[in-house]
Amino acid sequence: MASFVKFYSFVEAVAEKVHNLGADTLKIMLTNSAPSQSNTVKANLTDISAGNGYTAGGTAVTITGSSQTTGTYTLAGNDVVFTASGGSIGPFRYAVLYNDTATNDELIGYWDYASSLTLSSGETFTVDFGASILTLA
């Protein structure tokens, strides 16, 4: 499973009330261009081409839990699944989590899958969050 890498600006954005992670619309976008941790907004990145089952800007994450226990915040959600239909999706290497509700589509973090992937028609790709999308301690 790919590891989550946060964008540096995410920490400041949380402190300045840009994100309401339990209520805002968060999305997963696919890109084949390497993100930099110093990127701040979705416009800094290049989305893959829309079509064949992929929508420009990516897919919304269904949040299933947003809570804190003893000072550790956990955001949980359903895995995001992309399915190629009528042609291929990709190539892409990175799945990027961003806040679509925030004014500038502020970035949160990304997963690097180590090499470019292309889905043929009928194939699926799952962004697997495991037990949680992210934790803040």
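For the residues 117, 107, 45, a GNM of the chain with alpha-carbon springs under 10 Å puts the largest fluctuation on 117.
Working from Cα pairs under 8 Å separated by at least six residues, relative contact order for the chain is 33 percent.
The phi torsions of region 115-121, fed into the Karplus equation with coefficients 6.51, -1.76 and 1.60 and a -60° offset, translate into couplings of 7, 5, 10, 10, 8, 7, 3 Hz, rounded to whole numbers, with Gly and Pro shown as x. Dividing the summed helix terms, -39500 (n - 2.57) for each DSSP H run of n ≥ 4, by the number of residues in the chain produces a 222 nm estimate of -1500 deg cm²/dmol to the nearest 500. Extension gain, residue 25-residue 112: 0.36 nm per intervening residue step, less the Cα-Cα distance, totals 29.1 nm.
Under a 5 Å amide H cut-off, with hydrogens placed 1.01 Å from N, residue 134 pairs with 75 among residues at least 5 apart or on other chains. For Rg/Rh (Cα atoms, Kirkwood Rh), the value calculated from this model appears in [x] 1.05; [y] 0.96; [z] 1.02 under label [y].
The length gained on full extension between residue 79 and residue 100, counted as 0.36 nm times the residue separation minus their Cα-Cα distance, comes to 5.8 nm.
Model label points for residue 12 and residue 124, set 7 angstrom from Cα along the Cα-to-Cβ axis, are 4.0 nm apart.
Springs join every pair of Cα atoms under 10 Å in this Gaussian network model of the chain, and among 53, 71, 87 the largest mean-square fluctuation is at 71. For residue 80, the amide hydrogen comes within under 5 Å of the amide hydrogens of 127, 129, counting only partners 5 or more places away or on other chains and with H modelled in the peptide plane. Counted by Cβ distance under 14 Å from residue 102, the other residues give a net charge of -3, where Lys and Arg count +1 and Asp and Glu count -1. Residue 93 sits among other residues whose Cβ lies under 14 Å from its own Cβ, and their net charge, with Lys and Arg +1 and Asp and Glu -1, is -2. The distance between label points at residue 60 and residue 136 comes to 2.2 nm (points 7 Å beyond Cα on the Cα→Cβ vector).
Quick note: the coordinates plus some simple rules give every number you see, no bench work behind them. Computed from a prediction, not measured in an experiment: that's the story for all the values here. Heads up, the Cβs are rebuilt from the backbone with ideal geometry, glycines too, and the neighbour counts pull from every protein chain shown.
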